[in-house]
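So the structure is just underneath, and the comments pick up after that.
Any read-out appearing in this document is the output of simple, stated calculations on the displayed coordinates, not a laboratory observation. Worth saying up front: this structure is predicted, and the values here are computed from it rather than measured. Here Cβ is always computed from backbone atoms with ideal geometry, including for glycine, and neighbour counts include all displayed protein chains.
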């Protein structure tokens, strides 16, 4: 026995004999790697595998006990894919997808095994069920950088792992937040305290899948859509008509994914009022949902084909949390990038899923802002603006603004971005030039794109493309200004109905939202509504120039001080209306958007 070991052994014996606590410090184990990935999400696994395949020594660390994140712990087994006119997400996502059967729904057990397999064959060391994780941050030449992670592993050993590059691929980007990266929570970037509702995916047993598919096909696509492993749709509005005992719960249209054991996973149960960054609040929300499940399944069994003998068979151990933090990044993905079908020479991934925001409150039905053809994701969307350096954020907490996030939130796109981040992090570690260089240097990005192409990743062709929607309409630019803050929608058919009617009260509510989301004032909404109501004979009366001018003047007066001129003419002198003469008759939605957009960009606005 060496002298040091004998000394520690003597202390241990003395402590035991005297009944004293063990006072000497636990030994800290050290490790040094090129790339450290934090998280268990699909994006984390892909980032780690990509870095390892590029020759970087790579370690993956997670607080979770199982690997697969939302797909495994959250059991979200139906994929949101962009496969027309071709598969947008190839590369490592496609490798994993093939391992799980390449269907629209996958078996959760098989998915977990596939993630484990990909890590194992690529030599990625893993630490699961860790505690006390904390990023290591150091000052270098006046800048901060993340240099690794300290944690306690599942058997109680303390570790200090140094890394050249750190990728936070956890759902909430907790390590990046602790390291000092700046984030917004939900929609607070736009002055609104809201985020998409959470969901508990639950299991149904006793489903006659063949009867379910046959019943859906008999009723037609307006009822639901049935395929070999998935069934999804509104089901005639029957699920949404469910009246929960708990007012914080709500059932929507069903997404049903078949498992190999015959059970069906259901993505349909919305939960409101959770503090998603508080584990205790998450668990309380989960328990509320669990208590409602038997009643929900009985309700569905009474009307949905194939569910006559269905029973509640459990639920995912984790919630499907759609939205928490949004990184303040070196560059953002914006709604205008998405709807503009913007593709650049810096893109490392292709997106194209609809701008589809899930419901925010029990009183809205969600929002489909529009459907892009294709857009690109850039590495700088994962680089914190203002530091720290050598830190990448991938997954749902990366640098997507809240509207763009409604498309970019889908996991296949996140996995494509994660693969690019893994390749870039490996290149940064090998060169010693750091994350800023890898994400922003023209030559570095060019070489990373070449590597991604060799790896089989689809990179969209850089070309000018027409934007989504009625681009030739005279009020299209105004519509795009408003949709950038989630104040207009096009739906799945990309038609904002700019020539449709709009009421005076709707215009007042629109301006209220403009004041909040562009000028960050939430104290004058009722003033605008009262102004509209006092100037119109009925709340649902069509908007005209007289009422529009009254409400516009009221908004400007509260925001910037009253204009010198009155009426429509005064607004025109200030540049707030497009014509010198007020139009006769009713104003349509496009006209209302034009006025609202001018108010949005006026004065202190953008």
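With everything on Cα atoms, drop me the angle between helix 504-519 and the longest principal axis of the chain, reported from 0 to 90° to the nearest 10.
40
Using all Cα-Cα distances in the chain, what percent lands in each 20 angstrom bin from 0 up to the longest?
19, 46, 29, 5, 1
Which percent of the Cα-Cα distances in region 181-339 go past 22 Å?
48
Going by how many other Cβ atoms sit within 10 Å of their own, how do 562, 380 line up, fewest first?
562, 380
Any chance you could give the angle, 0 to 90 degrees and rounded to 10, that helix 545-560 forms with the longest Cα principal axis of the chain?
The angle comes out at about 50 degrees.
For a protection proxy built on the mean count of beta-carbon atoms within 10 angstrom, sort 574-584, 30-40, 326-336 highest first, please.
For the peptides 574-584, 30-40, 326-336, the packing ranking is 30-40, 326-336, 574-584.
So if each residue of separation counts as 0.36 nm, and I subtract the Cα-Cα distance between residue 546 and residue 461, what length gain in nm does that give?
Between residue 546 and residue 461, full extension yields 25.7 nm more.
Can you tell me the 0 to 90 degree angle between the C-alpha axis of helix 108-121 and the longest principal axis of the chain, rounded to 10?
Once rounded, the angle reads 60 degrees.
For region 210-272, just say rounded, prolate or oblate: build the C-alpha gyration tensor, square-root its eigenvalues into a ≥ b ≥ c, call rounded for a/c under 1.5, and beyond that prolate if a/b exceeds b/c, oblate if not.
In terms of gyration-tensor shape, oblate.
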